[in-house]
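Written below as structure tokens is the structure these notes are about.
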Amino acid sequence: MIELSRCLYTASQIRAIEQAVTHDYDVTGYTLMKRAGQTVFDACRGRLEKDAHILVMCGPGNNGGDGYVVARLLQESDYSVQVMSLCVAEKLEGDAALARDAWEEAGGKVEAFHGALPETPDLIVDAMLGTGLERNLEGDLLVAVQLVNESPAPVIAVDIPTGLNSETGIPMGSAVIARQTVTFVGLKLGLFIGLAADYCGAVLIDDLDSPEGVYKGLPPAAIRSETEDIIDYLPARPNVCQKGDFGHVLVVGGDAGLSGAARMSAEAAARVGSGLVSVATHPLHAAFINMDRPEIMSHGIESGKELLPLFKNASVVVAGPGLGRGKWAEGCWQELLGIETPMVVDADALNLLAKEPTHQDNWVLTPHPGEAGRLLGVTAEEIQSDRLKSVITIQARYGGVAVLKGSGSLIASSTGVVVCGAGNPGMASGGMGDVLTGVIAGLLAQGLPLDEAAHIGVLIHAHAGDLAAGEAPRGMLATDLLARLREVVNP
């Protein structure tokens, strides 16, 4: 069984797991609620001084019920606790009503929310809404979220920040910005994709003692990758070997004025271990490609037809870095289409593919949201509104493996979806995608299958970015990753 900390589930899958726990294992919903409240209480206690004042914001459903449990436990530990409710008692039902009753029986008071928060609590517990949100926030809930975000107090979110879509990671009108999110039973997709990184803070998972059997037969919607995966997938090198054992990457790109992209992609392939690397580029600057990196072989080509003899020596082809959109690029692309050699397709090659869509099983496509939008005939905003659906659609339509770049890059193949668990904002700069194409190609050259090369390539790239960023991600350059790549592939 894959570790629970790596499995990402949809809201409907989480509901199915919870129902299995209560129906098949004779565990009441209220028992699960009390376990959830205990976990949040423990998280709160780790942040609090003994004289701290905590505000617990409780909503109308089971998420609010969790909040009442937290409040009671905090009060029993002699903390100063204030509970504000966004739901009248008569409308609270089931386990949530039991939790509120227990809070009041313990001497707790419930204040109705009337558009204002008390002055500066030491901590706010967000127990307003969980995974059941289906429309944009409005009314008191919207006002409450805005006020919580305006408060200087740190926030612990119960299960998921109120307002954040649990499957897309997109705020629905608005969302609470939490310092920490304590989630239950299984990790929600929306905690790791979309805009989640700006809202969730550190994520803590508790399975609430759910039996292992409830997870069997329910494959997660996605798997979250971790840097530990790198050593598991990189092939070991024998002591007796030669350069031909590790493949030959051919990078096709670098139209006039765009040679840097092809140059970075080529070096990245070499840095992760490709035995040989060549570049087929515009003749205007072919001589400059390898001036400071003589290990790269450079070929100036006037037209796509001149690629044919180069294909014979290549075990992997990169198409797109700096390719451009002119006649030279179109000629190269026409020769690239249909070759049987594994390919990594990026940048302008993706734009050319979008004009004449075709399906191949031997390539890895690596679009950013704008390129993904062109591949699917929609806007970048539509891509970002549901990144999981977008990457799955691209893979189904175009074949091979699709990588949707961005925060929490998504890798979709016929075997499932992986979400990258590394990376940082400093990587939002020009040339990072060119480096990524080279990394993936270099792994393909060493014999990894398409899905593994994409999965591990994205992770290696992101981890190298984290190492290069250190404590200063702003201003990081794509070339800063190149030296780090060698460190990452030699763990």
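The values are calculated or read from the model by the stated rules, or taken from the named source; none is laboratory data. All values reported here derive from a predicted model rather than from experimental measurement. Don't worry about glycine lacking a Cβ; one is built from the backbone with ideal geometry, like all the others, and counts go over all protein chains shown.
Each residue in the stretch 401-442 was checked for being within 25 Å of L8 (Cα to Cα) and in contact (Cβ under 8 Å) with a residue 24 or more places away in the chain, and 27 of them qualify. In summary, G132 fulfils each of the numbered conditions (1) out of contact with any Leu (no Cβ under 7 Å at 6 or more places or on another chain); (2) surrounded by fewer than 24 Cβ atoms within 10 Å (Cβ to Cβ); (3) modelled with pLDDT of 95 or more; (4) among the small types (G, A, S) with the single exception of condition (3). Taken together, G438, G447 contain a single residue that is surrounded by fewer than 20 Cβ atoms within 10 Å (Cβ to Cβ) and either more than 21 Å from F246 (Cβ to Cβ) or not basic (K, R) (or both), which is G447.
Of the residues making up the stretch 73-99, those that are surrounded by 19 or more Cβ atoms within 10 Å (Cβ to Cβ), over 22 Å from A52 (Cα atoms) and at pLDDT 95 or above are L86, D95, A96, L98, A99.
Yes/no per residue for (1) among the hydroxyl-bearing types (S, T, Y); (2) more than 30 Å from I223 (Cα to Cα):
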{"residue": "C7", "(1), (2)": "no, no"}
{"residue": "S12", "(1), (2)": "yes, no"}
{"residue": "A36", "(1), (2)": "no, no"}
{"residue": "E49", "(1), (2)": "no, yes"}
{"residue": "D66", "(1), (2)": "no, no"}
{"residue": "G94", "(1), (2)": "no, yes"}
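Each residue in the stretch 183-239 was checked for being touching a strand residue (DSSP E or B) at 6+ places or on another chain (Cβ under 6 Å) and among the acidic types (D, E), and 1 pass.
Any residue at all in the stretch 259-277 that's over 20 Å from I440 (Cβ atoms), in contact (Cβ under 8 Å) with a residue 24 or more places away in the chain and not β-branched (V, I, T)?
Kept after step one, since they are over 20 Å from I440 (Cβ atoms), are these residues of the stretch 259-277: 259.
Cutting the leftovers down to in contact (Cβ under 8 Å) with a residue 24 or more places away in the chain gives us 259.
From what is left, the residues that are not β-branched (V, I, T) are 259.
Scanning the stretch 259-277 turns up at least one residue that is over 20 Å from I440 (Cβ atoms), in contact (Cβ under 8 Å) with a residue 24 or more places away in the chain and not β-branched (V, I, T).
Just so you know, in the stretch 245-288 the residues that are touching an Asp or Glu at 6+ places or on another chain (Cβ under 9 Å) and polar (S, T, N, Q) include one that is farthest from L308 (Cα to Cα), and it is S265.
When you check H248 against the structure, is it touching a residue at least 24 places away in the same chain (Cβ under 8 Å), touching a Ser or Thr at 6+ places or on another chain (Cβ under 7 Å) and either buried (at least 22 other Cβ atoms within 10 Å of the Cβ) or closer than 29 Å to D451 by Cβ (or both), yes or no? Reasoning before the result, please.
Working: touching a residue at least 24 places away in the same chain (Cβ under 8 Å): yes; touching a Ser or Thr at 6+ places or on another chain (Cβ under 7 Å): yes; either buried (at least 22 other Cβ atoms within 10 Å of the Cβ) or closer than 29 Å to D451 by Cβ (or both): yes.
So H248 passes the test.
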